[in-house]
Amino acid sequence: QRQKESEVVQEFKLDPDNELRFEVESKEKATLELKSGLAEVFGTEIVKGKVYTFGGGSKIAVFTWQGCLLELRGKTEAAYVARETPMIIYLNTHAGLEQIRKKADSDETKRGPIAMVVGPTDVGKSTVCKLLLNYAVRMGRRPIYVDLDVGQGQLSIPGTIGAMAIERPADVEEGFSQVCPLIYHYGYKEPGSNVMLYNLLVTKLAQTVAERMEANRQNAVSGVIINTCGWIKGQGYQMLIHAAKAFEVDLIIVLDQERLYNELVRDLPETVKVVFQPKSGGVVERSRQARIEARDQRIREYFYGSAAQFYPHSFEVRFSDVKIFKIGAPALPDSLMPLGMKAEDQLTKLVTVQPSQQLLHHLISISMAESGDDDIIQTNVTGFICVNNVDLERQMLTVLSPQPRPLPRTRLLISDIQYMDSH
Ligand code: ADP
């Protein structure tokens, strides 16, 4: 009965400023078509008559400023039209950012806004970033998107942070096209697993983004939008402060948490504008399990594409042809450390790893570093492989890779994150 009901074709007539919200049942699909009027999905306009397909678990909002007619097919949960949304608030934020960009347009000494979106998990941080980026790029801007969320990042696979210049609006079905993102290897899905390393990489990323803005005036004028982790207490809070300082942010948008807002106002210099904004009622809280699945899906998409349209390669790599490292040595008490070193230095130390069964199913980042002289930790990575087999006898690893052999570089960084390739 229920199944039949949910397969029915549904039509929704939306008044101006309304939004259709729906969730696709897990392992199912739903399609959306704009019949008339104008509408957008998280800031990207949808095209009339085009059929958009969304995979299982997708949570979508179709917003209209002007009113529209939509057709929805497939197995969706709780499809409904909401009249109350914070979209006008988000649009005003965009208008404010655009004002700063206009000033930079006519004054070479100024740069565009650097804005950071913060808040607990599941308040729509990534969605607000997407919205602001899409609105900017639709006006001809080329903003830089920085993603510091190591758990649910949108630019790359979990366990990394990175940045990318946004050239066109996000694809409604697939998100931002990943053209040359700049990615650094962190190796854990929690920012708290190695705070020293996380902060070091955030500082490095901030420097690289600043250099890009120096070199490219259009990026400099357009500014930066920074997405962050949902860990906002204790050390997590300190890490947000660190990121705000490293990137020299001008604006912090705090979603949904007044306490966090008050703390940031208290602790940051007055030059940093902090604003409090509501979350959208459409953002659904995800269970721990849903978050784990989303992480797995990101990795699967990296290797197989969003609709399983890619065929990754599987090949062998000789132990002797690569150098595998991990970051962080076991902590020693200060009394046992060599003179002049502190125990925490161990956390950002590069340690050689001998291949063993322990590598099995781990993700590995391929560093751009070309020689042992490079600072591998602070060098960006070019791609990822996954260890599917370790043959100690033949001294060979079998790896899953989106690219055919050989590996583009030989310095590899092992991640704590595992992926079971079930294909
Ligand atoms: P956060 O970055 O804070 O963890 P996200 O931006 O990833 O939160 O949003 C969580 C989920 O809610 C995403 O799947 C997103 O697609 C969905 N979502 C966001 N805004 C809406 C909305 N207005 N209606 C329905 N779903 C939404």
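The values are calculated or read from the model by the stated rules, or taken from the named source; none is laboratory data. These figures come from a predicted structure and were not determined experimentally. Cβ placement follows ideal geometry from the backbone for every residue including glycine, while neighbour counts extend to all protein chains displayed. We work out accessible area using only protein heavy atoms, side chains counted, and drop any ligands, DNA or RNA first. Shrake-Rupley method; radii C 1.70, N 1.55, O 1.52, S 1.80 Å.
Part of a helix (DSSP H, G or I), out of contact with any helix residue (DSSP H, G or I) (no Cβ under 6 Å at 6 or more places or on another chain), more than 23 Å from Leu91 (Cα to Cα) and more than 16 Å from the ligand (Cβ to nearest atom): does that describe Ile299?
Values: part of a helix (DSSP H, G or I): yes; out of contact with any helix residue (DSSP H, G or I) (no Cβ under 6 Å at 6 or more places or on another chain): yes; more than 23 Å from Leu91 (Cα to Cα): yes; more than 16 Å from the ligand (Cβ to nearest atom): yes.
Yes: the conditions hold for Ile299.
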Item checked: strands (runs of 3 or more DSSP E) fully within the stretch 381-423 counting 2 or more residues that are under 24 Å from Glu190 (Cα atoms) -> 381-391, 411-418
Next item on the list: Check Glu344, Glu370 and return the single one that is part of a loop (DSSP other than H, G, I, E, B) and either under 17 Å from Arg300 (Cα atoms) or charged (D, E, K, R) (or both).
Entry: Glu370
Notebook entry, point to check: If you check every pair at least six apart or on different chains, which have Cβ atoms under 6 Å apart with a residue in the stretch 184-211 that is open to solvent by 50 Å² or more (accessible area, probe 1.4 Å) first and a residue that is among the charged types (D, E, K, R) and not in a helix (DSSP H, G or I) second?
Noted result: Tyr188/Asp416
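Out of curiosity, is Asp147 crowded, with 24+ Cβ neighbours inside 10 Å, touching a strand residue (DSSP E or B) at 6+ places or on another chain (Cβ under 9 Å) and among the acidic types (Asp, Glu)? Please lay out each step first, then the result.
Numbers: crowded, with 24+ Cβ neighbours inside 10 Å: yes; touching a strand residue (DSSP E or B) at 6+ places or on another chain (Cβ under 9 Å): yes; among the acidic types (Asp, Glu): yes.
Yes: the conditions hold for Asp147.
Kindly evaluate Lys59 against the criterion of being charged (D, E, K, R) and at pLDDT below 95. Can you show your working first?
Details: charged (D, E, K, R): yes; at pLDDT below 95: yes.
Criteria met by Lys59.
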Check: Among the residues of the stretch 48-105, which ones are aromatic (Phe, Trp, Tyr), open to solvent by less than 20 Å² (accessible area, probe 1.4 Å) and either in a helix (DSSP H, G or I) or within 13 Å of the ligand (Cβ to nearest atom) (or both)?
Finding: Phe54, Phe63, Tyr90
